[in-house]
Amino acid sequence: MAHFEEYGKYITRAQKKARAEKAAKKLSRTKTLHPVMPEGGGLAKTWWGRSWIRNLEGYADYSSRLPRGRSYVRSGAVIDLEIESGMITAFVAGSKSNPYQVSVTISPLIARTRERLVERCRRAITSLPMLLKGEFPKELESQFLARGDGLFPAPREIQFDCTCPDWAGMCKHVSAALYGAAVRLDEKPELFFILRGIKIEDFVGTVLKEESGELLARAKKKSSRVLSKKDASKLFGI
């Protein structure tokens, strides 16, 4: 399958993948990379990853622009992506030899929304694994996904920038970074709370502080793409 590039050339997915690998090799000489590598057909499989995509695609501002980045993510073009408090940063391979640098700034959750959701969550969620696995009442899920008044950011709360020359409001590299964030949330859903500047333990009625603290400390570290078996069994009780 071929894809249309910004300079009028067609490039196959295999060529795009090879280009990304070359860019990653070059960038890895100067920094440790955290590539986005989705597995299987879909980009996201967990509640948090799917909900991140569902929220973004639900806004007319983004619905026509986001699909441009899907093929980039699938071909491995997002060669580095990190999530911190209020910020997503990424390097995305493009037509040039050097990858483009993307930054996405997410406003923190406003106080009144946080307080309302915390109060309701404490009555419905009693364990951290339950929250991170997306296992809670449908009523709470709808409140999380409420347009402009839930946990997930609205377009007015998102600002982005890319070093590419594309004049579009949202270029394919920014789109790829936003989809890449969904893949990362699949791997570490606790990063969502770090991104939005909120304390994960506030959303759980009965949870040990050291349990949530350990998860957040691990999420902030630059680590491998997936959790180890030991981490998984501790996190999800398996």
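Values quoted throughout were computed directly from the atomic coordinates according to the rules given, and no laboratory measurement underlies them. Quick caveat: nothing in here was measured; it's all calculated off a predicted structure. When we count neighbours, we look across all protein chains shown, and the Cβ atoms used for this are built from the backbone with ideal geometry, even at glycine.
Go through the range 119-131 residue by residue and turn each phi into a ³J(HN,Hα) via Karplus (6.51, -1.76, 1.60, θ = phi - 60°); whole Hz please, and just put x for glycine and proline.
In residue order, the calculated couplings are 4, 6, 5, 4, 7, 10, 10, 10, 8, 5, x, 4, 5 Hz.
Mind giving me the nanometre distance, one decimal, between the label points for Asp161 and Lys45, set 7 Å out from Cα along Cα→Cβ?
So the label points at Asp161 and Lys45 sit 3.7 nm apart.
Within 10 Å of each residue's Cβ, count the other Cβ atoms and sort Arg147, Arg29 from fewest upward.
Arg29, Arg147
Among Tyr59, Tyr100, Tyr179, which comes first, then next, by fewest other beta-carbon atoms within 10 Å?
Ranked by crowding around the Cβ, least crowded first: Tyr59, Tyr100, Tyr179.
Taking amide H atoms as placed 1.01 Å from N in the peptide plane, list the residues 5 or more away in sequence, or in a different chain, whose amide H sits under 5 Å from that of Phe160.
Thr105
Taking other Cβ within 10 Å of each residue's Cβ, how do Cys162, Cys121 sort, fewest first?
Cys121, Cys162
Provide the per-residue ³J(HN,Hα) series for the range 63-68, in order, calculated from phi with Karplus coefficients 6.51, -1.76, 1.60 and θ = phi - 60°, each as a whole number of Hz, with x at glycine and proline positions.
Rounded to whole hertz, the list is 4, 8, 9, 4, x, 4.
Check which residues have an amide H placed less than 5 Å from Ala146's amide H, if you skip close sequence neighbours.
The answer is Leu151.
Provide the gained length on full extension for the span Ser95 to Lys133, in nm with one decimal, where the gain is 0.36 nm per separating residue minus the Cα-Cα distance.
Answer, rounded to one decimal: 9.9 nm.
A 23 angstrom limit on the alpha carbon distance is what I want to check against. Which of Lys17/Lys133; Lys16/Lys96; Lys22/Lys188; Lys133/Lys199; Lys31/Lys133 exceed it?
Lys17/Lys133; Lys22/Lys188; Lys31/Lys133
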